[in-house]
Amino acid sequence: MSNSPTSKSSGENVASARAGARPATEKHAGRIERKFRALADAGELGLIAYITAGDPSLEASAKIIVAAAEAGADIIEIGVPFSDPVADGPIIQRASERALRSGTTLAGVLELVRNLRTRTDVPLVLFSYFNPLLQMGLEKFAEAAASAGADGALATDLTPEEAGEYRTALQGRGLDTIFLAAPTSTDERLARIAEASTGFLYLVSRTGVTGTREALPEGLPALARRIRKFTTLPIAVGFGISAPSHVSVLGGIADAAVVGSALVAEVEKAASPDAAAIAVAALVRVLKNAARSGISRRSNTLEIPAAE
Amino acid sequence: MTSAAPQSVPDSRGRYGPFGGRYVPETLVAPLEELERAYAEARADQSFQKELDDLFHNFAGRPTPLQFASRLTAQLAGPRIYLKREDLLHTGAHKINNALGQGLLALRMGKKRIIAETGAGQHGVATAAVAARLGLSCTIYMGTEDMERQRLNVFRMRLLGAEVTGVDSGSRTLKDAINEAMRDWVTNVRTSHYLLGSVLGAHPYPQIVRDFQKIIGEEAREQILRAEGRLPDHLFACVGGGSNAIGLFHAFLGDAKVKMLGVEAGGRGKSLGEHAARLAAAEGFAGARPGVLQGTYTYLLQTADGQISTTHSVSAGLDYPGVGPEHAWLAERGRVEYTAAGDGEAVEAARTLARIEGIVPALESAHAVAELIRRAPKMGKDEVVVLNLSGRGDKDMEILSRYV
């Protein structure tokens, strides 16, 4: 077991390692948990829409996100722009540059969350690199994010080993901590990632950066099955999920699809914030239809790890 | 003295005090663990060290001389100055030490392709040469601004068979080249080794690069004992990421009486964006605070809300917003003093060394020379200085010609 100095919370969290199976009495089910329950009851694949905050302005992001939620996005990931997005491909890199040029800060993104919370009940997850959170201060960030109405956070370059204080701060404020699992993750690591995650687990579909791709990777179903051995949390698949045809087959593999670059590309192409909101909503509708009409979670045997 | 035994850092989690660690996207954790294992095995394997020693000696040209700079010593009328001549190495800088070590590691791991970033081009050239020597394919990422100011090195890398890919994002310098190299690595992680060129990045890179560079100080320690019959009073080295500095310092860290000075790039001003001084904050350089960039927790030049700042230096190799985590720890403990020399001082120091000693230093190394020139008159004549002349200035002729 890990004796890491920064994993101060690991002991107390072992009890809730199977966070997805956590009894509802332990705490009020958050928006994310309720959303995934509703999706499971409907036998429906969830759609998670990623939008870079502040691209091209925070006002525009508010419009785009509300439109995406109204069009059927089940969860919104709000990207906090960072100067050095090493996990992102060109589309989200450019979006981050536009957002930073327009003066977007983490404090501004949290204001955006507060604003959105008055207009929509859609679960909101902050998707950031670690440094902006660290510079704000993890306690301060957790308090501000929770009071603004965010439901969880994911830091792209933060693994469970380095996340002791982060988990304590966020979970202490009732925020879900979502971690990435990757095709290169060993079983030992998958267990650790599952233990550290609450809300859902984000499965990186392929080795690579974010971006639009032609096809899903061949090994994805096997990878998802491997992860199910370690968690009962919902699994969201992202990186390279860009087309309705990707989404329509994911229902047999995962609980939600994350679409980022394809939506951000619509924002980039649009002539105005209103046009961006319309274009993003249109693509969300197409993707959500594919999620509804594709292979159903309920009808598929892949979800039962006992088949191993 | 607080000086710890040299082998005491990093700890098993790659920490140098609070600094270092491993902050990467999950995809890269397994390959970093693989690298850590492969390195531990290689270290315990006599044949690995033997092969590396052979390449050091016959390919790179080790050991390098420790030259007594008699004319510079006379001119400055201060301490006795010795130059550790890493500039005489094959490909022109200390970078070849680490490139050879990691190249052999890549072979051990069965990786047939090398990815590297380069700022000044010295690490890129060294990596391209090593890849050619070891029969590996090689892709080098380089900011387009650096490609412009170090054109000769771009040509050299291509001549050596490397593919050089320009990076046009951000500040178009070393930081952005590292981002792009990391993106390539995360995509091709199963077949490629990322040959990081400085004591930066996620654990175990700062340790691996230090260990392959520490030969500089090991040789210098023996050489100065032979020449002077005693240890030096001061070590001088420039600090970008900090690999040549840690390479010189490491063998002396246990010698409490040896003072060490790391010289950063003071650039053209003290406001954020005008310099690359991360640890010399006491001198009024703005914007340095600990944070996480490109895998490690260390001092960074950044804005109040955690965006990494652009930097400026006349020397591409020092033009970077972060510094190796071990340097951050050495600075915090007060074991090494960090200061900065500006663009103009570095250029002037390069000219001085050229005319007085017949050596044209790289502009990076010239920063250390500049600080020595500034301090020497206040030092005693019985004091002994070892300065790491980490690279040669051939690549900088275009820039130097603009000032001459």
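The values are calculated or read from the model by the stated rules, or taken from the named source; none is laboratory data. Model, not experiment: these values are computed from the prediction. Don't worry about glycine lacking a Cβ; one is built from the backbone with ideal geometry, like all the others, and counts go over all protein chains shown. What goes into the accessible areas is simple: the full protein's heavy atoms, side chains included, and nothing from ligands, DNA or RNA. Shrake-Rupley method; radii C 1.70, N 1.55, O 1.52, S 1.80 Å.
Annotation: extensible slack from A:E165 through A:D121 equals 13.0 nm (criterion: 0.36 nm per residue apart, minus Cα-Cα distance).
From the Cα gyration tensor of the protein assembly as shown, with a ≥ b ≥ c the square roots of its eigenvalues, which class applies: rounded if a/c is under 1.5, or else prolate if a/b is larger than b/c, or else oblate? The shape class here is prolate. The mean count of C-beta atoms from other chains within 10 Å of the C-beta of residues in B:263-274, rounded to a whole number, is 0.
Which of the trypsin sites (Lys or Arg not before Pro) across segment A:175-234 are loop residues per DSSP, with 11 or fewer other Cβ within 10 Å? Sites meeting the loop and neighbour criteria: none at all. Residues of segment A:147-180 whose accessible area, computed with a 1.4 Å probe over protein heavy atoms, drops by at least 40 Å² once all protein chains are present relative to their chain alone are A:D157, A:T159, A:E162.
Considering only beta bridges that DSSP places wholly inside segment A:35-293, some 0 percent are antiparallel. Bridgeable lysines around B:K112 (alpha carbons under 23 Å apart, same-chain partners fewer than 8 residues away excluded): B:K50, B:K95.
Accessible surface ranking for B:T339, B:T310, 1.4 angstrom probe, highest first: B:T310, B:T339. In the elastic network of chain A, a GNM with C-alpha springs shorter than 10 Å, the most mobile of A:A236, A:A42, A:A95 is A:A42. Estimated from helices alone, the mean residue ellipticity of chain A at 222 nm is -13500 deg cm²/dmol (sum of -39500 (n - 2.57) over DSSP H runs with n ≥ 4, per residue). Residue ranking by accessible heavy-atom surface, 1.4 Å probe, largest first, among A:K288, B:K257, B:K381 comes out as B:K257, B:K381, A:K288.
Considering helices alone, the calculated mean residue ellipticity of chain B at 222 nm is -12000 deg cm²/dmol, with DSSP H runs of length four and up weighted by -39500 (n - 2.57) and normalised per residue. Straight-distance candidates among the lysines for linking to A:K140, with alpha-carbon spacing under 19 Å and chain neighbours fewer than 8 residues away dropped: A:K8.
The calculated FRET efficiency for B:R355 paired with B:E163, based on their beta-carbon distance and R0 = 30 Å, is about 0.15.
If I take R0 = 56 Å and measure r between the Cβ atoms of B:A74 and B:R133 in this structure, what FRET efficiency does the formula 1/(1 + (r/R0)^6) give, to the nearest 0.05? It comes out at approximately 0.85. Each DSSP beta bridge with both residues in the protein assembly as shown is either parallel or antiparallel, and the antiparallel ones are about 20%. Remark: mean inter-chain Cβ contacts per residue of B:288-297 equal 4, using a 10 Å Cβ-Cβ cutoff to other protein chain atoms.
For B:E228 and A:R173, the FRET efficiency from 1/(1 + (r/R0)^6), where r spans their Cβ atoms and R0 equals 56 Å, is about 0.40.
With all protein chains in place and ligands, DNA and RNA left out, the 1.4 Å accessible area ranks B:S365, B:S401, B:S171 as B:S401, B:S171, B:S365, largest first.
The local environment of B:Y403, defined by Cβ-Cβ distances under 11 Å, has a net charge of -2 under the rule Lys, Arg +1 and Asp, Glu -1. Treating cross-link reach as a plain straight distance, find the lysines whose alpha-carbon is under 26 Å from the alpha-carbon of A:K288, omitting any fewer than eight places away in the same chain. Straight-line reach from A:K288, under 26 Å: A:K35, A:K63, A:K269.
Assuming a ≥ b ≥ c are the square roots of the Cα gyration tensor eigenvalues, decide whether segment A:35-293 counts as rounded (a/c under 1.5), prolate (otherwise, with a/b larger than b/c) or oblate. Note, shape of segment A:35-293 comes out rounded. Measuring nothing but how far apart in sequence close Cα pairs (under 8 Å, 6+ apart) lie, relative to its length, segment B:149-247 scores a relative contact order of 19 percent. State whether chain B is rounded, prolate or oblate according to the following rule on the C-alpha gyration tensor (a ≥ b ≥ c being the square roots of its eigenvalues): a/c under 1.5 gives rounded; otherwise a/b larger than b/c gives prolate, and the remaining case gives oblate. Judged from the Cα gyration tensor, chain B comes out rounded (a/c under 1.5).
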